[in-house]
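To keep things clear, I will list the structure first and then write my remarks on it.
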Amino acid sequence: KLDNPILQESLSEYLVTYDQLADKMERYDKRIGEFAHQDEYRERVNQLVCFKGIKVHTALSFIVEIGDFKRFPTAGQFASFLGLVPGEHSSGTTRHQGGITKTGNAHLRCLLIESANCYSRVRVGRKCADLKQRQEGNPPEVIAYADRANDRLRRKYMRKIEEHTSE
């Protein structure tokens, strides 16, 4: 309780707004979960959540916005679609690569970058209980593929950190 009635009223309004937004987020999360369990999406969502950093919202977003992943024959083409390839300024024999182009799908790029942050918090070969639970019920070959990818990405992250700290 605040001594100043104006501050108390403002705080009360902020708390009401917070509660309303929290309720709305909960409803949206529930609705997203319902979509993810529809026959059209269930199998692909269950496969994608086998990867570290990818849960139902991210998996469903990728499935809905990309459609068929096979339309990208190479990882480079997929990265280009997301705007995760380096920009280039070339003239004659001079070639200069800059930062990522950011010309692709901004929503998916943001989700993927946020998902990739989890690789800074885990060790190679270790699985948290949440990931094990998300992998349950999937075919062994899907789990093995996801585990190999998770370990490869973690090792690659660690190499980059070591390179950066040794400079």
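Residues in the range 39-84 that are of a type outside the set (D, E, K, R), closer than 18 Å to residue 136 by Cα and more than 16 Å from the chain's Cα centre (by Cα): 41 only. Checked against (1) open to solvent by less than 90 Å² (accessible area, probe 1.4 Å); (2) under 17 Å from the mean Cα position of the chain (by Cα), residue 87 meets all criteria but (2). If we scan the range 94-108, do we find a residue that is closer than 21 Å to residue 149 by Cβ and either under 12 Å from the mean Cα position of the chain (by Cα) or of a type in the set (Phe, Trp, Tyr) (or both)? So far as the range 94-108 goes, yes, one or more of its residues are closer than 21 Å to residue 149 by Cβ and either under 12 Å from the mean Cα position of the chain (by Cα) or of a type in the set (Phe, Trp, Tyr) (or both). Within the range 34-84, being open to solvent by 40 Å² or more (accessible area, probe 1.4 Å) and of a type in the set (Val, Ile, Thr) holds for 56, 64, 74. Look at residue 1 and say whether it is more than 24 Å from residue 128 (Cβ to Cβ) and open to solvent by 60 Å² or more (accessible area, probe 1.4 Å). Judged against the criteria, residue 1 is a match.
Note on the range 97-147: residues that are open to solvent by 70 Å² or more (accessible area, probe 1.4 Å), polar (S, T, N, Q) and farther than 19 Å from residue 59 by Cα amount to 2. Taking each residue of the range 80-101 that is in contact (Cβ under 8 Å) with a residue 24 or more places away in the chain and closer than 25 Å to residue 66 by Cβ and looking for partners that are charged (D, E, K, R) and part of a loop (DSSP other than H, G, I, E, B) with beta-carbon atoms closer than 6 Å, six or more apart or interchain, yields 83/102.
Here is the figure for the range 134-160: residues that are in contact with a helix residue (DSSP H, G or I) (Cβ under 8 Å, 6 or more places away or on another chain) and aliphatic (A, V, I, L, M) total 4. It is to be established whether one or more residues within the range 131-144 are small (Gly, Ala, Ser) and free of Cβ contacts under 8 Å to residues at least 60 places away in the same chain. Checked against the condition, which is being small (Gly, Ala, Ser) and free of Cβ contacts under 8 Å to residues at least 60 places away in the same chain, the range 131-144 yields at least one hit.
The values are calculated or read from the model by the stated rules, or taken from the named source; none is laboratory data. Source: prediction; values computed, not measured. Glycine gets a Cβ as well: all are built from the backbone with ideal geometry, and neighbour counts include every protein chain shown. What goes into the accessible areas is simple: the full protein's heavy atoms, side chains included, and nothing from ligands, DNA or RNA. Shrake-Rupley method; radii C 1.70, N 1.55, O 1.52, S 1.80 Å.
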